[in-house]
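Computed from the coordinates by the stated procedures, all read-outs in this text should not be read as laboratory data. Just so you know, these numbers come straight off a predicted model, no measurement behind them. Cβ coordinates were reconstructed from backbone atoms using ideal geometry, including for glycine residues, and neighbour counts include every protein chain displayed.
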Amino acid sequence: MRIGIDIGGTKIEAIAIEGSHEVLRRRIASPRGDYDATIRAVSDLVAAIESERGHSGTVGVGIPGAISAATGLVKNANSTWLIGHPLDRDLEHALRRPVLLSNDANCFALSEAIDGAGRGARVVFGAILGTGVGGGIVVDGQVLDGPNAIAGEWGHNPLPWPRDDERPGPSCFCGHAGCIETWLAGPWVERHHASATTERISMQEIVERAGRGEASSNATLERYEERLARALAHVINLLDPDTIVLGGGLSNIERLYTNVPPRWNEWVFSDRVDTRLLRNVHGDSSGVRGAAWLWGRE
Ligand SMILES: [Zn+2]
């Protein structure tokens, strides 16, 4: 049995996979701000699952952040109460077994690579387009981990081939300007739409209005598709993935899958581009499923 745990900002989710089937799922509210209670909550979830299934399992954990190789402590987590703690070691101690831990974008990419949209593909790039922009890389069914634990983190690269009106670009929280995230994350698109139209509406409203043929919303989505094509062309030139799977709230925009690939041809350094752009299969469950698959398929 593989147990996957996803520690999010508002909820902790757990699943158990036996063979290739999900047999059980639990969800509790995150003990926000309380690190010790978070360790206890994960430990209790695992104990409850093992008691219900009658046997023990491996445990993989996804977090919205990473363990710093330099310090061994959690960094970059938006569940800020995890930051600065040796989460993997504390969980291993509490659960009395080895625990594999990875960031939620890697878990997303892994879940889609194993039995989702990227099934059967050798190299999968999972791109998260949500309130932020992140990514993960899976090669031969394994998360690509690097010495800095940032493989696939393309959101704070600059938007490539910027036009004059895109320079220097918006100031990003990371300290730079014109990051991919400042063009492709939902809240930023709403801001760009507002400055183009003087009307502040939600991403969902923009998509709905574009669907009804409203010109200004359609123009916002066309700009979005063109920028996403450029940003992904950079990834294709560097990694040459078989499949790119989109996740996060903006992955629900159906027209991206037909409109973006024709546009990236202009920027990819190849006579023909066979990379596929696909919507995720497992949706919000991808993180917790990927956490379970951190221990591999065998
Ligand atoms: Zn940035």
*With helices defined as uninterrupted DSSP H runs, which ones in the chain have an alpha carbon span along their own long axis of at least 18 Å and mean Kyte-Doolittle hydropathy of at least -0.5?*
35-53, 215-239
*Once the dipole of the chain is set up with Lys and Arg at +1 and Asp and Glu at -1 on Cβ about the Cα centre, which of PRO31, PRO98, THR131 lies farthest towards its positive end?*
PRO31
*Within 10 Å of each residue's Cβ, count the other Cβ atoms and sort ASP242, ASP36, ASP6, ASP164 from fewest upward.*
ASP164, ASP36, ASP242, ASP6
*Taking H as built 1.01 Å from N, whose amide H comes closer than 5 Å to the amide H of GLY247, not counting residues under 5 places away?*
ALA127, ILE128, LEU129
*In Å, what Rg and Dmax follow from the Cα atoms of the stretch 235-298?*
14.1, 41
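Taking every DSSP beta bridge with both residues inside the chain, roughly what % is antiparallel (nearest 5)? Let's see the in-between values first.
Working: 27 of 46 bridges.
DSSP beta bridges in the chain are roughly 60 percent antiparallel.
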_For ASN103, distant residues with modelled amide H under 5 Å away_ = ILE63
_Kirkwood-based Rg to Rh ratio, the stretch 104-210, C-alpha trace_ = 1.05
_Running a GNM on the chain with Cα contacts under 10 Å, which residue among HIS55, HIS192, HIS156 ends up with the highest mean-square fluctuation?_
HIS55
*What is the stretch 1-156's relative contact order, in percent, from Cα pairs under 8 angstrom and six or more apart in sequence?*
17
*May I ask you to work out the translational diffusion coefficient for the stretch 1-42 at 20 °C, viscosity 1.002 mPa s, via Stokes-Einstein with Rh from the Kirkwood sum over Cα pairs, reported in whole µm²/s?*
198
*Which semi-axis lengths, in whole Å and largest first, follow from the square roots of five times the eigenvalues of the Cα gyration tensor of the chain?*
34, 21, 18
*In whole percent, what relative contact order does the chain give with Cα contacts below 8 Å and a gap of six or more residues?*
21
*When a footprinting reagent is the concern and you count Cβ atoms within 10 Å, what order do HIS234, HIS176 take, fewest first?*
HIS176, HIS234
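With each run of n ≥ 4 DSSP H residues scored as -39500 (n - 2.57), what mean residue ellipticity at 222 nm is computed for the chain after dividing by its residue count and rounding to the nearest 500 deg cm²/dmol?
On the way: 9 runs with 107 residues, N = 298.
So the helix-based figure for the chain works out to -11000 deg cm²/dmol.
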*Using the 10 angstrom Cβ neighbour count as an exposure proxy, how do PHE108, PHE125 rank, fewest first?*
PHE125, PHE108
*Phi-based couplings in Hz for the stretch 129-135 (Karplus 6.51, -1.76, 1.60; Gly and Pro marked x)*: 10, x, 6, x, 10, x, x
